[in-house]
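Only one structure is covered here, and it is reproduced in the block below.
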Amino acid sequence: MNNKIRHEGIIDSIEDGCVHVRILQTSACAACKVAGYCNAAEAKEKVVDVFCDTDAKQLTKGQQVVVSTSGDVAARALLWAFGFPFLLMIAVLVLVLWQTHDEGVAAISGLLALIPYYGLLFLLRHRMRKEMAFIIE
């Protein structure tokens, strides 16, 4: 089984070893033949940052490329972005509810616990960028 996530895209810009690639992210039903008649089809244009030092010199703006990453990287990114924060929020919610017996305070505390978590992720973004990155094929 091929465990790669691939998208075709067009290079938007290149600056300081970072290639900005514009891709069209489609939902599963967007490629369907009757998608034009159905409201469920969805497609979004996104810009992916690909950090490469040597390959950037060979690329030009407007060039069509394929960007890819492994399924493991995508799973790790989802875990850090949604899995761990969900568990943190639920843990804080239960702990504060157990201590105070006030649902409002527990709910607000659960939400406020996400601020330092995402702040820490922001501070570690350069380190995480090296581990979870797209490549140009």
Task: Qualifying positions in the range 97-125 - within 17 Å of the chain's Cα centre (by Cα) and open to solvent by less than 100 Å² (accessible area, probe 1.4 Å) - done: Tyr117, Tyr118, Gly119, Leu120, Leu121, Leu124, Arg125
- [ ] Report yes if Lys46 is modelled with pLDDT under 90 and under 20 Å from Arg6 (Cβ atoms), otherwise no.
- [x] yes
Task: Qualifying residue in the range 13-23 (condition: modelled with pLDDT under 80, at negative phi, surrounded by fewer than 14 Cβ atoms within 10 Å (Cβ to Cβ) and not hydroxyl-bearing (Ser, Thr, Tyr)) - done: no
Open item on the list: If I ask for residues that are within 21 Å of the chain's Cα centre (by Cα) and either modelled with pLDDT under 95 or open to solvent by less than 100 Å² (accessible area, probe 1.4 Å) (or both), which ones from the range 81-96 would you list?
Closed with: Ala81, Phe82, Gly83, Phe84, Pro85, Leu88, Met89
TODO: Determine whether Leu120 is in contact with a helix residue (DSSP H, G or I) (Cβ under 6 Å, 6 or more places away or on another chain) and part of a helix (DSSP H, G or I).
DONE: no
Open item on the list: Only one of Val67, Val50 is open to solvent by less than 100 Å² (accessible area, probe 1.4 Å), in a strand (DSSP E or B) and either touching a Gly at 6+ places or on another chain (Cβ under 7 Å) or of a type in the set (Lys, Arg) (or both). Can you tell me which?
Closed with: Val67
Task: Long-range neighbours under 7 Å by Cβ, at least six apart or interchain, first residue farther than 9 Å from Gly110 by Cβ within the range 74-94, second surrounded by 12 or more Cβ atoms within 10 Å (Cβ to Cβ) and β-branched (Val, Ile, Thr) - done: Ala74/Ile5
Open item on the list: Take Lys57 and tell me if it is part of a helix (DSSP H, G or I) and modelled with pLDDT under 85.
Closed with: yes
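The values are calculated or read from the model by the stated rules, or taken from the named source; none is laboratory data. Only a predicted model underlies this, so the values are computations on that prediction, with no experimental measurement involved. When we count neighbours, we look across all protein chains shown, and the Cβ atoms used for this are built from the backbone with ideal geometry, even at glycine. Heads up: the accessible areas ignore ligands, DNA and RNA and are worked out on the full protein's heavy atoms, side chains in. Shrake-Rupley method; radii C 1.70, N 1.55, O 1.52, S 1.80 Å.
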